[in-house]
Structure formats: structure tokens, C-alpha cells
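Scroll down for the structure; my scribbles are underneath it.
The values are calculated or read from the model by the stated rules, or taken from the named source; none is laboratory data. As the structure is a computational prediction, the values presented were derived from the model and not from experiment. As a convention, Cβ positions derive from the backbone with ideal geometry for all residues, glycine included, and neighbour counts pool all protein chains shown. Areas reflect the complete protein model, heavy atoms only, side chains present, ligands, DNA and RNA absent. Shrake-Rupley method; radii C 1.70, N 1.55, O 1.52, S 1.80 Å.
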Amino acid sequence: MKLEAKVGIFVALALLCLFGLSTQIGQFSFSKEKGYTIDVLLDNAVGLNEKAKVRIKGVDSGYVYSIYLHDNKAYAGLFLKENIKIPKDSFILVSQESMLGGKYIEIIPGNSSELVQDGEKLERTKSIASLEETSQSIKEAAERFANFVTELHEIFGGENALYIKESIKNIHSSTTILNEFIKEEQGELPRILSHFDTMIMSITGTSNKFAETADLLNEKLSSIATKIDDFTTHADNLIEDNKEVLNKTLNSVDNFFVDGTRVVNRLDNYLSIIDKSQFEVGMRAEYLARDKRAKGVASVSYMPNPTRYYMFDVVSTDDYSRQDSLGNIIMPVRTDKSEYYISAQLGKRYNDILFRGGLIENSAGIGMDYFALRDKLKMTIDIYDFAGKLDLRGTSPHVRTYLRYTFLDYIDFTAGLDNFLNKEISSIYLGIGVRFVDNDIKSLVGTIGGAAGMAK
């Protein structure tokens, strides 16, 4: 056995021991989880699939087991965990799993003391703006904004620009008139007030002065009235000349901000319910008993929704595809470097069966998985290398089948039969690996980051 294989198996066994010591192994069970079922009315079932998640305030609480029509209304059958209690005034919301696809059902709990019982229906729904509606609103707002910019260009360009310049000149002229009036009256007002004060203090002997003061007031008031009338005339002309343009501008600005507020509210409402898709990262080591050799596999899977899979693997193993000049197979030895193979597959899941196809270890291939025990147990068959070019020891396609069981949510055990159509080289193999999903990856990265920070 190669040194790399021994190190891989040792690391895997060490991880197994670590998890076994830190976790109560007796907590996992082969039995199905207990719970109850209810039916819920949906506003729209587009994009929702069976096996989709059911969440309450972001916590997984069950799954969708059926979708059907009744009286032209969409309903979904939900399986809820035994400890989940739903008030009868709760709301049902079909939410977006991610920007790329998948939807799930969000239950918004109410405040009623009465709870939904097994087999009952819940028909209170809420709806949110879809991505298409949000995009349309953004498009409409953009068009209104473009119209607003066009109208501004019309206001400040062409003949309107001349009107605006003339209006500014009129305002400047009116301001100049007011300034001249203020300057002229600065010297006159104290004298007017002085005459008026003298009139009050000596009424009986100041009739001539009163007449003089009255004449002076009449003269100045007439001048003031004339200047105010000129200013009012200039202001009226300014408003009248620009009335239509100003009305269009104000209406466009008002419509733009009204539509913009509506779009922002819809977008905020939509983005508030968006959650990340599910990623899965894993690695495993497999030991083939007959060949006394090991394989290493690193895998990454992306599931935009519970029924769609994108899978990518890198496999490290011995190379049995080489021949010498006489056509004899060159058998690998311990000092040879491992050969790397790539797998890239697309998968579609129907209930508990996943059909796959694409590239399997550098050759075209297909596969099928059957899931049981709430996905803890997986039975797999792969068929690839139909021409037998990757392993020259046999001429039949490479077919393998195996079982994978997951416990403690992270550890995978595999056991199977490899290349069993080529009886001379078929082999039993065993494997062990670790696998992390979404938030598990975040926790692992955060732990590593924290440890690195402490080390500094």
C-alpha cells in the first residue's frame, strides 16, 4: 500500500475516534422521525417541489410530501415534526430558496391558543412579489426616470433655456428695484416718523405740519405702490411663462419618487426572504481489497433546490491504462505517482431516487442513487468507461455498486463491489469519509479562523 493511502486511512480513523469520543453515539436512530401531517392552501405553487423544506422562522420543521389541486386551488401536504405546534391563525408563505431556483414553505406563526391538529387544513396565505414582478417594476421606474431626464432636458434646453434666462433677468430686475426703494427710503423714514411724532405731541398747534406730513406720506406711498406693482407684474409674468414646464417637472419628479418607493419596498420584501442554496463538501478514502490499493476522493455538490444536483469530484488512484511497446499492461508500482480523474455530473431527484449523468472518472457515465432513512442511507450504482480504456485488465464497462451510511451528520461509511462485470479484477471495497453541508462549513471555517487568531 502506498504511503499516501496509509496516511489517508490513518487521518480518517483519527477523525472517527475524535467524533466518537466527543459525541454520544447512541443518539442516532434508524427509525423514521415521528410527526404529523396537515394540508395548507397556497397562493401559488409555481417552483415548489415535493421534498421541499418547511421552515418556521428559518428553522427546518418538516417537508412537503405532496402538492395537489382541489376546487381549482393549490394545496400542499406537509409533514411536521412531532414537537412543532402551529396556531390556527398562522400564515403560509411560499418563499424563494435562492436566486437560482428552489422554493420552500415558510410558516408565520400566529397568536391563537388553538393549534392545528393532525389531518386539518390551514388556509391563511400571504404572497410576495416575484422576481419577475420586481424586475418589471424596476424596468418601469427606469423608464419613468428616463422620461424625467428627457423632460429636464426639454426644460433647460432650446427655447425653454431662453425663457429661463429671461425669467432670471426679470427676477434680477425686480430685486434691483427693491434695493433702490430701500436705499431711497432709508433717509426718508426717520423724517416721516419725526413729523408724525411731533403731530401726536402737539395736536392743537401742528395742523400745518400734519398737512405737510400727510402730503409726504401720500407721495411716498404712491411710489411704494408703483414699485410693488412692478414687482408683482414681473413675478406674475415669470410664473405664467413657465407654468406648463414647471407643472410637467413637478409631476415627473412626484411620479418618479412614488414609483421608486414602491420598487424599493418590493425589492426589500423580496430580498428579505432569500436564503442561500445548499452546498456540500466532502472527502473520503476507499480501500480495494483485491488490488490492495486505495483511492482518495474529494467532492463538491451544489443543490439549488431539493430536486436538482450539480456534482464535481476529483479522484486519486492507480493508473491501469498504460501499455508498453508490445501491448502489455504496465502495472503500477508503489513508487508511481497517482493518476487524477475528474467527475462532473448533473442530477435530477424524484422522491427518493436520484438519476445522474455526465463525466465519471474521465469517461461518459450514468448513475442512480436510492435514499432511505431520511437520506442517512444511500444505495448507489455507477456505470462508466464503456470501452474499458481506463482499466485495460478488463473489456466490459466499469460497474460499481455500494452502500453509504451517514451517522453523527458528518461521518460516512461505504461498502461495495467494484468493477464486478470484469470478474478477474472485481473487488470488494470499504471506505470512510467526512461530509459537511452549508452551515457546517461556516462553523468549521469560523473555528479554524478563531484558532489561527489565537495562534497569532
Of those in region 400-432 that are free of Cβ contacts under 8 Å to residues at least 40 places away in the same chain and assigned to a loop (DSSP other than H, G, I, E, B), the residue nearest to Lys378 (Cα to Cα) is Asp409
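Can you work out which of the residues in region 384-406 that are open to solvent by 50 Å² or more (accessible area, probe 1.4 Å) and of a type outside the set (Gly, Ala, Ser) is farthest from Asp319 (Cα to Cα)?
Filtering region 384-406 down to residues open to solvent by 50 Å² or more (accessible area, probe 1.4 Å) leaves 386-387, 389, 392-393, 395, 401, 403.
Then drop every residue that is not of a type outside the set (Gly, Ala, Ser), which leaves 386, 389, 392-393, 395, 401, 403.
On the way: Phe386: 17, Lys389: 11, Leu392: 10, Arg393: 11, Thr395: 16, Thr401: 21, Leu403: 25 Å.
Here the residue is Leu403.
Give the residues of region 301-321 that are over 30 Å from Leu377 (Cα atoms) and touching a residue at least 24 places away in the same chain (Cβ under 8 Å), sorted by residue number.
From region 301-321, those over 30 Å from Leu377 (Cα atoms) are 319-321; that's our starting set.
Answer for region 301-321, where residues must be over 30 Å from Leu377 (Cα atoms) and touching a residue at least 24 places away in the same chain (Cβ under 8 Å): Tyr320, Ser321.
Return yes or no: is Ser316 part of a loop (DSSP other than H, G, I, E, B), over 30 Å from Ala52 (Cβ atoms) and of a type in the set (S, T, N, Q)?
Taking the combined requirement at face value, the residue does not satisfy it.
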- Task: Return a yes/no flag: does region 322-344 have any residue that is closer than 26 Å to Lys51 by Cα and either buried (at least 16 other Cβ atoms within 10 Å of the Cβ) or touching a residue at least 24 places away in the same chain (Cβ under 8 Å) (or both).
- Result: yes
Wholly inside region 321-383, strands (runs of 3 or more DSSP E) that include 2 or more residues that are modelled with pLDDT under 90 and touching a strand residue (DSSP E or B) at 6+ places or on another chain (Cβ under 9 Å) are none
When region 74-94 is checked residue by residue, the ones that are part of a strand (DSSP E or B), modelled with pLDDT of 90 or more and farther than 13 Å from Leu122 by Cβ are Ala74, Phe79, Lys81
